[in-house]
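The values are calculated or read from the model by the stated rules, or taken from the named source; none is laboratory data. Just so it is clear, the structure is predicted and the values come from calculations on it, not from any experiment. Every residue, glycine as well, gets a Cβ built from its backbone with ideal geometry; the counts of neighbours run over all protein chains shown.
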Amino acid sequence: MKPISVILVDDHAVVRAGFRLLLSTESGIEVVAEADRGEAACQLYWELQPDVMVLDLSMPGIGGLETIRRICNRDSEAKILVFSVHDERVYVDRAINAGAKGYITKHAHPDVLIAAIQKIAGGEVYIEMGLASHNVGASDGQAKDGLDYKAIIGAFSPREFDVFLLLAKGLTAHAIAGQLCLGYKTVANYGTQIRSKLKVSSVAELAHIAIVLGVMKT
């Protein structure tokens, strides 16, 4: 039987090496390529048409969510498994809404990665046990002035969401620009838009919203 072809996408070479070593123990899975950012992942996907792409969300460049969106917009049958350190429900929702077919965390047992790849390759959706139950209550995302933070953040573009989270964590615009490989002015503009939509003016307020919605832990 032909092995399941997999592309690994993570900006850390050591992490990719660990993935590759783990998957090499499974005779029914073959890693055919690796990428360290979304732009390269998109190109490799079109060239190789893998059975499954295993993708991190936190990467420089266009980022993981935008990578999912671009691939799935061109190929609705694309099978993308998110493998992330983030276990908050909002990340699962955004990834699945962008088109991913599965979501597991890097804290999961190694066997979970193999099982998830096999399930997704077979046409199923796979979400790690426990992630689906971490929903934010309907009232948790309401601001005092009636704004629905959950809805506003849910409507953020993938890049707006990335910038929002990093701002909430206290990173400066210069630091975010370096991490996401964006121009300083671009990040500053995103920051202005985000604060305007949420009607806040400080990092503390952004952090509070992120914590309330379960996007960021205390």
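For this structure, a couple of remarks:
- Residue within region 96-105 that is surrounded by fewer than 17 Cβ atoms within 10 Å (Cβ to Cβ) and either modelled with pLDDT of 95 or more or more than 24 Å from ASN73 (Cα to Cα) (or both) present: no
- Scanning region 63-95 for residues that are of a type in the set (Lys, Arg), surrounded by fewer than 19 Cβ atoms within 10 Å (Cβ to Cβ) and within 20 Å of TYR149 (Cβ to Cβ) yields one hit, ARG89.
- Members of region 187-203 found to be part of a helix (DSSP H, G or I) and out of contact with any His (no Cβ under 9 Å at 6 or more places or on another chain), listed by number: ALA188, ASN189, TYR190, GLY191, THR192, GLN193, ILE194, ARG195, SER196, LYS197, LEU198, VAL203
- Entirely in region 1-95, the strands (runs of 3 or more DSSP E) that have 2 or more residues that are in contact (Cβ under 8 Å) with a residue 60 or more places away in the chain, over 25 Å from ARG159 (Cβ atoms) and more than 19 Å from the chain's Cα centre (by Cα): none
- Residues in region 116-147 that are surrounded by 15 or more Cβ atoms within 10 Å (Cβ to Cβ) and over 24 Å from GLY63 (Cα atoms) were compared, and the one that is modelled with the lowest pLDDT is VAL136.
- Count - residues of region 201-218 that are out of contact with any Lys or Arg (no Cβ under 8 Å at 6 or more places or on another chain), surrounded by fewer than 18 Cβ atoms within 10 Å (Cβ to Cβ) and aliphatic (A, V, I, L, M): 3
- Contacts under 7 angstrom Cβ, first residue in region 104-126 being assigned by TED's automatic domain parsing to the domain that holds MET53, partner exposed (fewer than 13 other Cβ atoms within 10 Å of the Cβ) and assigned to a loop (DSSP other than H, G, I, E, B), 6 or more apart: THR105/VAL85; LYS106/VAL85
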